[in-house]
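A short write-up of the structure that comes next.
The values are calculated or read from the model by the stated rules, or taken from the named source; none is laboratory data. These numbers come from a predicted model, not from an experiment. Cβ: placed from backbone, ideal geometry, glycine included. Neighbour counts: every protein chain shown.
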Amino acid sequence: MSGLLQAPGKTRACFVFAHGAGAGMNHPFMSAIALGLARRGIATLRFQFPYMEQGSRRPDSPWIAQAAVRAAAAEAARLLPAVPLFAGGKSYGGRMTSRAQAESPLPEVRGLIFLGFPLHPPGKPSDDRAKHLFDVTIPMLFLQGTRDEFANMNLLQPLIGRLGSKATLRLFEDADHSFHVPARTGRNDSEVREELMDALARWVGEHSESE
């Protein structure tokens, strides 16, 4: 596995940031989020899942992906000791992180952050992929576009309600799974990313105080 730590001079938290199924850690979206979070005092540790490292298009099995998440979280804790640690990622990366946390808590991780949680495949609405979230005991932040074809709002919003106080949902109007918005909205993708990073940074700040 290769990884990339991007840390500001004064780091107030670190986000172990896993990529989605179709693109690696250097995808423009990943890079833009990492840069924007650094400007907000939040370090990121991006990393490649083994299949992406090998140039394959087929995602790893869950147990391999979860092992990769654990290795990345352990490395972040080693590189930035005493810094509040969070984990999650874009789509597949976020879901593999939550599955790892549900299976056995990630040491030092205070919360999970999902940038477009893939609740179901497009056109196949279901919340079966979310069953493991009820075994997660740390706070979770869901950053989700209202046009996300991987998360029907009629399923996602009730799910967040059932998860209770440990789950926070922040919706981005007209954004799809990639947080792209149509020109007719009067906003652009960069503006949506800024809103997303502001929401993420606020939530991290709320959950970074010493326990």
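Listed by first and then second residue, the pairs with beta-carbon distance under 8 Å, at least 6 apart or on different chains, first residue in the range 118-131 and free of Cβ contacts under 8 Å to residues at least 24 places away in the same chain, second small (Gly, Ala, Ser) and in a helix (DSSP H, G or I), form an empty list. Of the candidates PHE150, PHE179, PHE172, the single residue that is within 16 Å of LEU133 (Cβ to Cβ), in contact (Cβ under 8 Å) with a residue 24 or more places away in the chain and either aromatic (Phe, Trp, Tyr) or in contact with a Gly (Cβ under 9 Å, 6 or more places away or on another chain) (or both) is PHE150.
Among the residues making up the range 149-159, a single one is surrounded by fewer than 18 Cβ atoms within 10 Å (Cβ to Cβ), of a type in the set (A, V, I, L, M) and more than 13 Å from GLY116 (Cα to Cα): LEU155. Being at pLDDT 95 or above, among the hydroxyl-bearing types (Ser, Thr, Tyr) and surrounded by 23 or more Cβ atoms within 10 Å (Cβ to Cβ) is a description that does not apply to THR146.
Picking from residues in the range 11-27 that are among the small types (Gly, Ala, Ser) and in contact with a strand residue (DSSP E or B) (Cβ under 7 Å, 6 or more places away or on another chain), the one that is surrounded by the most Cβ atoms within 10 Å (Cβ to Cβ) is ALA18. Looking only at residues of the range 190-211 that are part of a loop (DSSP other than H, G, I, E, B) and charged (D, E, K, R), we find that the one that is farthest from the chain's Cα centre (by Cα) is GLU211. Scan the range 23-35 and report the pairs whose first residue is within 16 Å of ARG193 (Cα to Cα) and whose second residue is among the basic types (Lys, Arg) and assigned to a helix (DSSP H, G or I), with Cβ atoms within less than 9 Å and a gap of 6+ or a chain change. Partner pairs satisfying both residue conditions: PHE29/ARG193; ALA32/ARG193; ILE33/ARG193.
Within the range 155-189, being among the basic types (Lys, Arg) and either part of a loop (DSSP other than H, G, I, E, B) or in contact with a Lys or Arg (Cβ under 8 Å, 6 or more places away or on another chain) (or both) holds for one residue alone: ARG187.
Against the conditions (1) in contact with an Asp or Glu (Cβ under 8 Å, 6 or more places away or on another chain); (2) under 15 Å from PRO118 (Cβ atoms); (3) crowded, with 18+ Cβ neighbours inside 10 Å, PHE172 satisfies every one except (2).
Would you please list the contacts, defined by Cβ atoms under 9 Å and residues six or more apart or on different chains, that run from a residue in the range 184-209 that is closer than 18 Å to GLY41 by Cβ to a residue that is surrounded by fewer than 18 Cβ atoms within 10 Å (Cβ to Cβ) and at pLDDT below 95? Partner pairs satisfying both residue conditions: GLU195/ARG187. So which residues in the range 19-54 are assigned to a helix (DSSP H, G or I) and in contact with a Gly (Cβ under 7 Å, 6 or more places away or on another chain)? Once the filter is applied, which keeps residues that are assigned to a helix (DSSP H, G or I) and in contact with a Gly (Cβ under 7 Å, 6 or more places away or on another chain), the range 19-54 yields only MET52.
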